[in-house]
Every structure is written in structure tokens, then in C-alpha cells.
Amino acid sequence: MAWRAPGTLAGRPEFRFRYGSLLVVLVGVMVTSVLTLLLSPGEGFAAVDRLGLGLLALKNVVLSVWLWRRPADFVRVGLLELALEAAAGLYKFWSALHGGSEVFGLGAYSYWLSLNYFVASLVLRPGAALAVSLGWFAALLTVGGLYWFSPETTPAQRAGSGNSLLQLYLSHLTLMAFLTLQGRLLRRSLRAIVRAEREARFARTDGLTDLANRRQLDAWLAETGGFAVWSVILFDIDRFKEVNDRHGHAAGDRVLQAVAGAARSALGPGERLGRWGGEEFLVVLPGRTQAQAAQLAGQLSAAVAGLVLPEIGPVTVSCGVAQAQPGEAAGEVLARADAAMYRAKAEGRARVQLAG
């Protein structure tokens, strides 16, 4: 079973690791192929070997660009690389054993036969990766066995290649064991990272609305000291207690979620929204004047008023807007915004009031 790529690379850390690692493998083989091809004239490479190196480099250029441009095709690219490496590896391994040349022992390409274990461990899930790796090892063992027990293989050839074959198989078994253990440790580490990120996120996120909670809002307010100008919008859902009393707390929760979504849609980058408590919400606006904040509050109020909640009726919010004055503490700014919000409620609700 292959790993499924999420819609974006901002997804699971494990996918980001596997995607980046496969890209490194593809680019690394491409660079190695090009360098070997450039050095081949002075090393006595046959024409067919130079052609093979050129095709290998081209193949990895195509796969690298494909993977880089389309991360969602991670599985397709990985499986194609696995299949092509297997076909080329078996052919080169067979050729090295039957070529009669001992210059490179089992042939220079034999060093790359282990690459399939890495690719399988990146593209496939643990059980499937181990199965494919064992299948690859069995294929190599079969090729070596056919060579060893062939009537055409002389005792001198067996003596010359026996140690090389033994070391190759032992090194491959060691590598499989390592990758299996390393994969388990990697999954544990990544799961620990995911848990830590989730816990950190929940510690600063309101569980009902998925907005920033009071702790995160306090942190944002503490950061406003670095801005010469900043403002806040404090808004409250009108007649929210009546919703809870008439329709129940489950309906109240739906209203809170709907208001949070509408308010979020009315805001842009850098405009920090969170649930201040109960049915109150706060927007922290670094670098924004009171006039800019008032305009944004009007857009936010209109977005909430446009909600369609037929079982509950129209939903509105009252907004208080305040801009920090020189030397004024965050608590004082919020107190003025709160007073402005209650003036908006006293004057009929569903409106925006500016702090004095």
C-alpha cells in the first residue's frame, strides 16, 4: 500500500519528509549520472554505457521536475522510479556477472542496487515496503543463483565472484534491517511531533469556534507594543441569551460557530480574530487606525447579518472600536472598546460605535 499525498505540502510532517527525501534521491542520481557521463571519455566506458548514463540522467530530470511541480503525484513518481530502477538493476547485475570482467568486481552499478530499498521505504507503507524489499532481494538472489549454478560458470569465476556476492547479499540484508528499524523510529518521532503541534494548537485555540482563544489573544495584545498604531474591535452577539433560552445551548453553539465563520471571512491577512469569552469576540489590528478599524467592523457586521439561520432568525453583532493612544496599556484600550460596544447595544444594537 502506497502513501497518499495530502492536498498540500502543509499537510502531515511525515509526507513532507518522504516527499523531500524522494526528491533528494532523484536529484542526487541525476547529478551522479551527469558527472559520471562527463568523466566517461577517460575511463574507457563503452558506447552503450554512455548511452545508458544519458538515459538515466534524462529519466531523473523528468521525474525530478514532475515531482517538484506536482507533489500530489508523489506515489506515481515513486512507483515509476522503483520499477525503472528494478528493471535497470537486474539487467546490469546480470550483465556484470556474465560479462567476464572483474575490473569492478560485480560491476560499478552494483553499488546502486541498494537504492530500491530506500525508494520502497519512502513510497510504500512499512508492510508493503518490507515485502517489496524482500522481493527485490529474492530477485537479486535468483540472478546470483542462476549465475552460480550455471554449467557455463567456471570454478575460477565462482572463486573470483563468491566473496563479492556474499558481501553484496549481507550488506543488503543489513540495509533492510536498518531501514525497517529506522522507519519505526521515524514514525514514532513524527507522531510525537504531530501530537506536540496539536497540543500546542489546542492550547491556543477555542475548541468550539476554531478561533484563537483568550490565551492567544493576550499574546497578540502583548505584541502590540511594537506598533506605533494599533486598534481593536470588540464585538458581541446581540440577544444571545435569548437564543440559548429559546432554542437551547446546541443552537447557541451553532450561532457562535456561524458568527466566527462569517467574521473570519470578512477579515484579511494580519487581522487577528479570536473568541474573547462567551459570546464576545476580539479583533486585534496591528498598524490600523481607528477609522480603518471602523470600516472593517462595518464589513464584519454586514457579513454576520448576512447569515442564514432559519431556525433561529437574524443574527447581528454590536461592535466597539478603539485605537490605542500613546503610552496606553492594552487593558485600557479594551476597556474603551468595551464601553463603546455597550453604547452600541444601548442605542439599538447591530451597529458600530467608536471609543471616545
**Study point:** Selected residue [at positive phi and surrounded by fewer than 15 Cβ atoms within 10 Å (Cβ to Cβ)] from Gly248, Gly356
**Key:** Gly248
Check your understanding: Residues Phe45, Phe17, Phe93: which one is hydrophobic (A, V, I, L, M, F, W, C), modelled with pLDDT of 80 or more, in contact with a helix residue (DSSP H, G or I) (Cβ under 9 Å, 6 or more places away or on another chain) and open to solvent by 40 Å² or more (accessible area, probe 1.4 Å)?
Key -> Phe17
Study note, to complete from the structure: Of Arg187, Arg204, the only residue that is open to solvent by 50 Å² or more (accessible area, probe 1.4 Å), at negative phi and of a type in the set (D, E, K, R) is Arg204
Review point. If you check Arg76, Arg70, Arg12, which single one turns out to be open to solvent by 80 Å² or more (accessible area, probe 1.4 Å), closer than 30 Å to Ala196 by Cα and at pLDDT 85 or above?
Key: Arg70
Check your understanding: Among the numbered criteria (1) open to solvent by 70 Å² or more (accessible area, probe 1.4 Å); (2) basic (Lys, Arg); (3) more than 24 Å from Ala324 (Cα to Cα), which single criterion is violated by Arg214?
Key -> (3)
Review point. What is the residue count in region 133-156 for residues that are touching a residue at least 12 places away in the same chain (Cβ under 8 Å) and open to solvent by 60 Å² or more (accessible area, probe 1.4 Å)?
Key: 3
Exercise for review: Determine whether Glu311 is open to solvent by 60 Å² or more (accessible area, probe 1.4 Å) and under 24 Å from Glu347 (Cβ atoms).
Suggested key: no
Check your understanding: Is there a residue being in contact (Cβ under 8 Å) with a residue 60 or more places away in the chain and among the β-branched types (Val, Ile, Thr) anywhere in region 173-190?
Key -> no
Study note, to complete from the structure: Subset of region 278-298, residues under 33 Å from the mean Cα position of the chain (by Cα) and open to solvent by less than 10 Å² (accessible area, probe 1.4 Å), comes to Phe281, Leu282, Val283, Val284, Leu285
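The values are calculated or read from the model by the stated rules, or taken from the named source; none is laboratory data. All values reported here derive from a predicted model rather than from experimental measurement. Because the Cβ atoms are built from the backbone with ideal geometry, glycine has one as well, and the counts that use them run over all protein chains shown. Calculation scope for accessible area: heavy atoms of the full protein, side chains included, ligands and nucleic acids excluded. Shrake-Rupley method; radii C 1.70, N 1.55, O 1.52, S 1.80 Å.
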